[in-house]
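Novice: Encoded as structure tokens, here's the structure I'll be asking about.
The values are calculated or read from the model by the stated rules, or taken from the named source; none is laboratory data. Only a predicted model underlies this, so the values are computations on that prediction, with no experimental measurement involved. So basically every Cβ, Gly included, is an ideal-geometry build from the backbone, and we count neighbours across all protein chains shown.
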Amino acid sequence: MNEVIQRFAELVLDGGLLSRGQAIALAEAGRADFEDLLYGSNRIRQRFFGDRIRICSIVPGRLGGCSQDCAFCAQSVRYDTAVDKTPKVFSDEEILSAAAAAKAGGVPHLGIVYSGKAVSEEELERLIRLIGRIREQTGLGVCVSLGILSEGQMRRLAAAGAERYNHNLETSERHFGQIVTTHAYADRVRTIEAALAAGLGVCAGGLFGVGETEADRIDMALAFRRLGADTVPMNFLHPIAGTPLGQMKTLEPREILRIIALYRFLLPTVNLKVAGGRVLNLRDLQSWIFAAGCTSILSGNYLTTAGRAVEEDMRMLRDLGLEPA
């Protein structure tokens, strides 16, 4: 067993947290002894989460027509992609139908995701009413991702029954300007802080494979820890033709597993949700994500790319002796 990995695993299992310097040393050790790293990350997952895995699905509330310039996103009006530049707003009935389908498939959590920097007051009021209907009709936990909102707006979402707010950092503060220029990293941090102040859980994650360094990955994990996110979605670039990152080479499956394991060491009690890019990037190694420390998955289709059927994911969990939380 790699001595560095073993020492850091015992530190975390005893309730400690790794420093930035220790994280860098762990990342280097994990490259040399990949299997030892996964052994440690799996022990940490089992210690703090057992064998229960949280499953979520998402539905778009508004798709396309985004004014922002996120370099990976097919929904930006700035890039020539297959997504229509005219935003499509999904009706109450379409969203309620998606909620019913999630419920029927055994998925307990539904996220409603809007393209764009923010939502109008009128649209926010509609969603507040809709959250109540979803909870009443299906009993699902509802999360929302509506861009940059104020604390007051967050409090209204919480009062309506929303459980969690999703707002990703995407990458480290240092690398952020290489990925987005139409708003600031600080805008994202303030939005996360507003959600927390309003009493909402926070689902804040990032995107890997966008030209970031190992240090960027570690710094982003430490930012999630400082902010107090309870769920961290881990997305892996699915290059979209027409975007600035459309020709980027995808990460190798073992590299993705190593990143997940590193995050499990750094964020031992946080739900790590493997989300976008899982099918494309991990291929036959999808089931290894749990050994790497994953405790949550996004199941079903994503916003602009195909995902994996809920039935297949449920079967995978059963085959592994895991159970939906």
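Novice: Within the stretch 171-188, does at least one residue satisfy the condition of being modelled with pLDDT of 95 or more, under 26 Å from Leu26 (Cβ atoms) and not in a helix (DSSP H, G or I)?
Specialist: Yes, the stretch 171-188 has at least one match.
Novice: Of (1) over 17 Å from Glu193 (Cα atoms); (2) out of contact with any Phe, Trp or Tyr (no Cβ under 8 Å at 6 or more places or on another chain); (3) crowded, with 19+ Cβ neighbours inside 10 Å, Leu237 satisfies all except one. Which?
Specialist: Unmet for Leu237, out of (1) over 17 Å from Glu193 (Cα atoms); (2) out of contact with any Phe, Trp or Tyr (no Cβ under 8 Å at 6 or more places or on another chain); (3) crowded, with 19+ Cβ neighbours inside 10 Å: (2).
Novice: For the stretch 11-20, give me the residue count where each residue is part of a helix (DSSP H, G or I) and either over 20 Å from Arg217 (Cβ atoms) or more than 25 Å from the chain's Cα centre (by Cα) (or both).
Specialist: 2
Novice: Still on this structure: So for the stretch 185-193 (the condition being among the aliphatic types (A, V, I, L, M), over 14 Å from the mean Cα position of the chain (by Cα) and farther than 25 Å from Ser150 by Cα), does at least one residue qualify?
Specialist: no
Conditions (1) within 22 Å of Ala275 (Cβ to Cβ); (2) part of a helix (DSSP H, G or I); (3) without any contact (Cβ under 8 Å) to a residue 40 or more places away in the chain; (4) of a type in the set (A, V, I, L, M), marked per residue:
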{"residue": "Ala9", "(1), (2), (3), (4)": "no, yes, no, yes"}
{"residue": "Ala27", "(1), (2), (3), (4)": "yes, yes, no, yes"}
{"residue": "Glu35", "(1), (2), (3), (4)": "no, yes, yes, no"}
{"residue": "Leu38", "(1), (2), (3), (4)": "yes, yes, no, yes"}
{"residue": "Ile44", "(1), (2), (3), (4)": "yes, yes, no, yes"}
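Novice: Looking at the stretch 132-170, which of its residues are part of a helix (DSSP H, G or I) and buried (at least 23 other Cβ atoms within 10 Å of the Cβ)? Let's see the steps before the verdict.
Specialist: So the first thing to find is which residues in the stretch 132-170 are part of a helix (DSSP H, G or I), and the list is 132-138, 151-160.
If the condition is that a residue be part of a helix (DSSP H, G or I) and buried (at least 23 other Cβ atoms within 10 Å of the Cβ), then Ile134, Met154, Leu157 are the ones that fit.
Novice: Then there is this: Assuming Pro268 fulfils every condition listed in (1) surrounded by fewer than 20 Cβ atoms within 10 Å (Cβ to Cβ); (2) over 25 Å from Cys73 (Cα atoms) apart from one, which condition is it?
Specialist: (1)
Novice: Are any residues in the stretch 292-323 part of a loop (DSSP other than H, G, I, E, B), crowded, with 22+ Cβ neighbours inside 10 Å and modelled with pLDDT of 95 or more, and if so, which ones?
Specialist: Ala292, Gly293, Cys294, Thr295
Novice: Would you check if Val107 is surrounded by 15 or more Cβ atoms within 10 Å (Cβ to Cβ) and touching a Pro at 6+ places or on another chain (Cβ under 6 Å)?
Specialist: So Val107 does not fit the description; no.
Novice: Determine whether Phe34 is out of contact with any helix residue (DSSP H, G or I) (no Cβ under 7 Å at 6 or more places or on another chain) and aromatic (Phe, Trp, Tyr).
Specialist: no
Novice: Sticking with this structure for a sec: How many residues are farther than 20 Å from Tyr185 by Cα and either of a type in the set (A, V, I, L, M) or buried (at least 23 other Cβ atoms within 10 Å of the Cβ) (or both) if we restrict to the stretch 68-82?
Specialist: The number of residues fulfilling the criteria is 3.
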